[in-house]
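J.: Sharing a structure below in structure tokens format, with a few things to ask.
The values are calculated or read from the model by the stated rules, or taken from the named source; none is laboratory data. Given the structure is predicted, the values throughout are model-derived calculations rather than measurements. Here the Cβ is made from the backbone with ideal geometry for all residues, glycine too, and neighbour counts use every protein chain on show.
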């Protein structure tokens with residue numbers, strides 16, 4: 001473990017030894033995060049997570065094995081995601097700046113991302129931190145909440161009816177493949193969802209936020225711009241309205257989870 005000084009580099013990065021299985025096209029991964037799919041998918045033999053398999057063997061169902069979310073488990077999940085945020089920032093800052101934080105000027109500089117787009121350095125660093133945090137979250141939640149979480153799931157929320165619909169990764173891939181991106185307009189994609197074993201039954205919502213230069217100030221939910229179907233609201237407002245599970249949590253390095 002690295003033990004570095006300063007508010008940015010306090011925690012070691014575990015990303016180097018974490019095994020990434022962040023592949024939603026794998027039947028085994030779908031089984032791990034969505035036990036309703038724990039049968040056969042795409043010709044593969046899906047495997048139940050050990051904790052769920054043990055419960056099912058004892059006479060329960062896979063979905064029932066993860067449907068409950070008590071306060072103690074939710075706190076464990078929250079603490080694990082906080083650690084993931086710390087590790088993700090540490091790893092990315094170390095790789096890009098060594099033992100110092102970027103300056104506000106460096107954060108606002110124009111750079112190119114892996115797709116050749118021109119974005120700010122703050123956006124590029126944020127994307128890198130999100131990827132690292134999600135890999136960490138997957139590993140942690142596979143231990144704490146096997147079969148009862150999803151990473152970056154997609155939901156459509158109808159403002160008129162109030163209905164919220166989960167789109168499976170396969171559905172989202174088909175929409176993208178046929179170029180019908182309008183079907184995803186206004187979709188909600190939280191970073192982490194805890195659910196009952198069925199992603200349609202959401203129990204808790206988390207989003208990672210990674211400020212670039214100032215890590216001492218609590219981030220805010222992103223406001224939707226004028227002209228957007230959710231204009232006048234922010235991400236937190238829409239998560240509350242769509243999922244109806246209380247307050248969603250912002251998870252930020254060093255400041256932890258907050259509203």
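J.: Please enumerate the residues belonging to segment 68-82 that are loosely packed, with under 11 Cβ neighbours inside 10 Å and not in a loop (DSSP other than H, G, I, E, B).
T.: 71, 72
Quick grid of which residues meet (1) in contact with a helix residue (DSSP H, G or I) (Cβ under 8 Å, 6 or more places away or on another chain); (2) touching a residue at least 60 places away in the same chain (Cβ under 8 Å):
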site: 161; (1), (2): no, no
site: 188; (1), (2): yes, no
site: 191; (1), (2): yes, yes
site: 204; (1), (2): yes, yes
site: 226; (1), (2): no, no
site: 244; (1), (2): no, no
site: 255; (1), (2): no, no
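J.: Does residue 201 satisfy being under 18 Å from the mean Cα position of the chain (by Cα) and closer than 22 Å to residue 124 by Cβ?
T.: Working: under 18 Å from the mean Cα position of the chain (by Cα): yes; closer than 22 Å to residue 124 by Cβ: no.
Criteria not met by residue 201.
J.: Could you say which residue among 145, 112, 100, 117 is farther than 30 Å from residue 198 by Cβ and touching a residue at least 60 places away in the same chain (Cβ under 8 Å)?
T.: 100
J.: Answer yes if at least one residue in segment 80-103 is within 23 Å of residue 184 (Cβ to Cβ) and either in contact with a helix residue (DSSP H, G or I) (Cβ under 7 Å, 6 or more places away or on another chain) or modelled with pLDDT of 95 or more (or both), and no otherwise. Write out each step before concluding.
T.: Taking segment 80-103 first, the residues within 23 Å of residue 184 (Cβ to Cβ) are none.
Within segment 80-103, none of the residues are within 23 Å of residue 184 (Cβ to Cβ) and either in contact with a helix residue (DSSP H, G or I) (Cβ under 7 Å, 6 or more places away or on another chain) or modelled with pLDDT of 95 or more (or both).
J.: Suppose the filter is at pLDDT 95 or above and farther than 23 Å from residue 157 by Cβ; does residue 243 pass it? Steps first, answer last, please.
T.: Values: at pLDDT 95 or above: yes; farther than 23 Å from residue 157 by Cβ: no.
Answer is no for this residue.
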